[in-house]
Amino acid sequence: MVKKNRPKTGRKSGKKWLWIFIVFILIAGGSYIGYSRYIAYQKYLAEQKAKEEELRKQQLAEEQKRKEIEQAKKMFDELIGRMKDALSKRDYNLLKELAEKARQLALKYNFSVDEIDRILRQMQIEIAMAMLGKLEKITDPYAHMYIRNELKKIPRYPEIAKRWDRLMKKTFQDEYTVLLDLAERTVIRVENGESPEMNYILSKGYLKKAKSIVNAGKAVQDTSRENQLLQKQSESYLSSIGKSFQPGSLYR
């Protein structure tokens, strides 16, 4: 009797499930890869959007900053214009206030302060010229010390240097003249018998100081007047003081 071969159902079933499993793995793997790519793409989109948003904010901030600087520059230019107007009207207090505001803007926005400094320097020169002009109008030679002290308070700007020097030199010339005047007045008192010894000493002292100014190159010498004074001092000494008072160091 011939035996019939039974169908290998178990082996076929196993292969079937194996193929199902493989297909499942392939499908799952493909789905995982697709999902990963999807997630990566979404992340990329999110990053791009974040970058675009950051760039937009940056551009907006730069635009706002630009407008702010433009507005500040406009204000700065207006302050400079008002400073020039105040300078022309010699309203120096207002000019200083405007200069301070303009300088604050310049420091905050890094603007040049050259124009501020130029206007302020022009103001200082004008103030100096006005002060110098008032001193130049004083004609009294006896005010020489006052003029000299006030002149020292005025900066010697190049623009007024010649006038400044001329006035300073005049104070020494006036001082020289005043000392000669004093020497003459005191020697007249000697001649009149008014405290002759004391006035004689004063007269000699005034003349000596006057000569020292000339010797220092600060005044032009009046030789004729000095010689007349020396002659008067000599005569007054002989006539008013005489031999009872003979300071050897004074009478020469």
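Structure notes:
Yes or no, residue by residue, for (1) in a helix (DSSP H, G or I); (2) more than 17 Å from HIS144 (Cα to Cα):
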| site | (1), (2) |
| --- | --- |
| ALA161 | yes, yes |
| LYS170 | yes, no |
| VAL178 | yes, no |
| VAL190 | yes, yes |
| GLY193 | no, yes |
| LYS204 | yes, yes |
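Quick grid of which residues meet (1) free of Cβ contacts under 8 Å to residues at least 24 places away in the same chain; (2) under 30 Å from LEU79 (Cα atoms); (3) of a type in the set (D, E, K, R):
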site: ASP114; (1), (2), (3): yes, yes, yes
site: ARG118; (1), (2), (3): yes, yes, yes
site: ILE127; (1), (2), (3): no, yes, no
site: ALA130; (1), (2), (3): yes, yes, no
site: THR139; (1), (2), (3): yes, no, no
site: HIS144; (1), (2), (3): no, no, no
site: LYS152; (1), (2), (3): yes, no, yes
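- Pairing residues of segment 61-77 that are closer than 19 Å to VAL113 by Cβ with residues that are hydroxyl-bearing (Ser, Thr, Tyr), at Cβ distances under 6 Å and at least 6 apart in sequence or on separate chains, gives ILE69/TYR109; ALA72/TYR109.
- Restricting GLU70, GLU126 to those that are surrounded by fewer than 12 Cβ atoms within 10 Å (Cβ to Cβ) and of a type in the set (Asp, Glu) reduces the list to GLU70.
- Checking each residue of segment 116-136 against the condition of being in the same structural domain as ALA72 (by TED's automatic domain parsing), polar (S, T, N, Q) and outside any helix (DSSP H, G or I) gives no match.
- Just one of the listed residues (ARG156, ARG185) is surrounded by fewer than 19 Cβ atoms within 10 Å (Cβ to Cβ) and not in a helix (DSSP H, G or I), and it is ARG156.
The values are calculated or read from the model by the stated rules, or taken from the named source; none is laboratory data. As the structure is a prediction and not an experimental result, all values here were calculated from the model. Methodologically, a virtual Cβ is constructed for each residue, glycine included, from the backbone with ideal geometry; neighbour enumeration extends over all protein chains shown.
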